[in-house]
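**Student:** This is the structure, below, for whatever I ask next.
The values are calculated or read from the model by the stated rules, or taken from the named source; none is laboratory data. Predicted model only: the values in this text are computed from it and were never measured. Glycine also receives a Cβ, built like all others from the backbone with ideal geometry; neighbour counts cover every protein chain displayed. Calculation scope for accessible area: heavy atoms of the full protein, side chains included, ligands and nucleic acids excluded. Shrake-Rupley method; radii C 1.70, N 1.55, O 1.52, S 1.80 Å.
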Amino acid sequence: MIDVLGYAPIAATAFAVPQFLPQILKLRATHDTVGVSWSWATLTSLNNAAWIAYFALARYWTALVPSSSATLLAGTLATMLTFRGQAKLRPSVLISTWAAMLITAGGVAGRSGLGTLLTAAFILQVAPSLWTAYGTARPTGISSGTWILVLGELSCWMIFGLHESDPRLITLGVTGVTASALMLARIHRTSKEQPAAGWELGWLPC
């Protein structure tokens with residue numbers, strides 16, 4: 001019998017590989033950083049690098065592709081935001097501390113130690129994005145396409161986590177679906193107050 005749910009990481013890959021392209025393309029075209037969090041992009045790259053180690057230790061080989069893509073593209077977005085003056089000293093110090101904690105946990109306790117921190121990682125990762133989006137009157141720089149893809153990917157991880165009885169992946173999925181829904185709700189609400197930007201994604205409707 002074919003284990004359909006076991007292929008959820010492949011579906012997650014389809015959502016994750018192009019996930020940050022809408023945001024990158026919008027930023028490159030408009031140079032609009034309003035509502036886009038540098039901390040979110042940086043933490044996303046860092047945490048996905050840690051997920052690569054976790055998945056490798058757990059031998060979830062198919063999961064390596066989306067994590068690798070997110071690490072690269074989120075890092076690219078973080079770099080673009082840095083060049084546009086969005087990087088700040090205090091968040092940089094806090095993120096460096098978090099990176100040191102991940103390295104220490106992985107080195108001392110292996111997969112279980114790394115997984116324990118990664119359970120809370122996505123909450124830390126999306127918190128700056130939610131804070132920035134909801135604290136900005138008109139977050140015009142945010143790409144809805146990126147958050148639609150985040151929603152799709154994290155839905156797959158939630159399903160796969162339930163299938164594998166992996167509480168870390170379940171937490172990741174539930175948190176991701178909730179955060180994505182909140183971001184999309186914010187984008188939808190504020191988009192009513194500004195002209196529609198149908199060119200934003202090109203290949204993906206807003």
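**Student:** Quick one: is Ala100 small (Gly, Ala, Ser), under 13 Å from the mean Cα position of the chain (by Cα) and open to solvent by 20 Å² or more (accessible area, probe 1.4 Å)?
**Tutor:** No; evaluated as a whole, the condition is false for this residue.
**Student:** Given the criterion over 17 Å from the mean Cα position of the chain (by Cα) and modelled with pLDDT of 85 or more, identify the matching residue among Pro139, Pro128.
**Tutor:** Working: Pro128 fails: over 17 Å from the mean Cα position of the chain (by Cα).
From the options Pro139, Pro128, the qualifying one is Pro139.
**Student:** Out of the residues in the range 1-32 meeting the condition of being among the hydroxyl-bearing types (Ser, Thr, Tyr) and open to solvent by 30 Å² or more (accessible area, probe 1.4 Å), tell me which one is nearest to Leu130 (Cα to Cα).
**Tutor:** Out of the qualifying residues, it is Thr30.
**Student:** If you don't mind, there's one more thing I want to ask. For the list (1) in contact with a Leu (Cβ under 9 Å, 6 or more places away or on another chain); (2) open to solvent by 70 Å² or more (accessible area, probe 1.4 Å); (3) closer than 19 Å to Lys26 by Cα, I need the number of the one condition that Met80 fails.
**Tutor:** Single failed check for Met80: (2).
**Student:** Report whether or not Gly35 is surrounded by 15 or more Cβ atoms within 10 Å (Cβ to Cβ) and either at positive phi or among the basic types (Lys, Arg) (or both).
**Tutor:** Judged against the criteria, Gly35 is a match.
**Student:** Can you find a residue in the range 48-59 that is open to solvent by 40 Å² or more (accessible area, probe 1.4 Å), under 29 Å from Ala11 (Cα atoms) and outside any helix (DSSP H, G or I)?
**Tutor:** yes
**Student:** Another question, then. Failed condition for Ala100, given (1) within 22 Å of Phe15 (Cβ to Cβ); (2) out of contact with any helix residue (DSSP H, G or I) (no Cβ under 6 Å at 6 or more places or on another chain), with all others met?
**Tutor:** Going through (1) within 22 Å of Phe15 (Cβ to Cβ); (2) out of contact with any helix residue (DSSP H, G or I) (no Cβ under 6 Å at 6 or more places or on another chain) one by one, Ala100 breaks only (1).
**Student:** Going through Pro139, Pro167, Pro128 one at a time, which residue ends up being crowded, with 16+ Cβ neighbours inside 10 Å and either out of contact with any Gly (no Cβ under 7 Å at 6 or more places or on another chain) or acidic (Asp, Glu) (or both)? Even if it seems obvious, please write down each step before you answer.
**Tutor:** Details: Pro139 fails: either out of contact with any Gly (no Cβ under 7 Å at 6 or more places or on another chain) or acidic (Asp, Glu) (or both); Pro167 fails: crowded, with 16+ Cβ neighbours inside 10 Å.
On inspection, the qualifying residue turns out to be Pro128.
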